[in-house]
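Accompanying notes for the structure given below.
Bear in mind these aren't lab numbers, they're just calculated from the coordinates by the rules spelled out. None of the values given here were measured: they were computed from a predicted structure. In this analysis, Cβ positions are derived from the backbone assuming ideal geometry, glycine residues included, and neighbour counts consider all displayed protein chains.
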Amino acid sequence: MLLSGGLDSVICAAWAEQEYEQCLALTIDYGQRAAQAELRAAEAVADRLGMRWQVLELPWLGELGGSALVDCTRPLPTIDPLDLDNSSSAKRTARALWVPNRNGVFVAVAGAYADAWRYTDIILGLNREEGASFPDNTEEFAEAATNLLAYSTMIHARVISPTVEKTKIEIVRMGLDLDAPLDLVWSCYEKGPEPCWECEACRRLQRALEGAGVWPDSKPQWGAGQ
């Protein structure tokens, strides 16, 4: 499975841990500004869930540039909480953050591991909210990726996302049912040491925790002592 350390992938990891006898968590460092924070979170999640964990480095992907996620000279877009469901604002943010073919590359890499080690399913954290502005965060993307893997892998690996049709609030509730390590989530686009709570990912996480009735009790507490 692909484990970034963000909300969707952490809940998917908790789900996969219960659904599969064996699971390998892959975390990809492509030069994103939050790479070290994401690696720290993903390692902690994998350790708590008892999963095998591996880091893959794809620096060339970040070197393509053009995204505020990888280019620290570009300001990260912020968004007012009231605009999270505004399609124009969300699409503007998506353009500023877009990394060329990122999820396509991630799935292809995971597909190679699946084919070599005979894992039939690739678990990907997708969600309905961000799918409205990121086309690679949709059920259609997962289906298209599965169709590609039917030709590019001998094992005919599938892309599965148990969160793809859910809002962030619903994903948090799913995580609570699974006893997922919500305290270890790192969704922030910034490098830390603590979440900024101003970028779109932080705003969505906070709204989800509030909507599920667990803010600030389940607020990730990164920083001293973590």
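For a straight C-alpha distance cut-off of 24 angstrom, the lysines reachable from Lys91 (same-chain residues fewer than eight places away being disregarded) are Lys166, Lys168, Lys191.
Applying the Karplus relation 6.51 cos²θ - 1.76 cosθ + 1.60 with θ = phi - 60° to region 156-169 yields 3J(HN,Hα) values of 6, 4, 10, 9, 10, 9, x, 10, 4, 9, 9, 7, 5, 4 Hz, where x marks Gly and Pro. Were the residues from Ala112 through Ala132 laid out at 0.36 nm apart, the gain over their Cα-Cα distance would be 4.3 nm.
Residues of region 190-208 falling in the label zone of Asp85, defined by backbone nitrogen less than 17 Å from a point 7 Å along Cα to beta-carbon, are 203-208.
Applying the Karplus relation 6.51 cos²θ - 1.76 cosθ + 1.60 with θ = phi - 60° to region 117-124 yields 3J(HN,Hα) values of 10, 6, 8, 7, 10, 10, 8, 10 Hz, where x marks Gly and Pro. For the peptides 56-63, 206-213, the ranking by packing is 206-213, 56-63, with the highest mean count of neighbouring Cβ atoms within 10 Å listed first.
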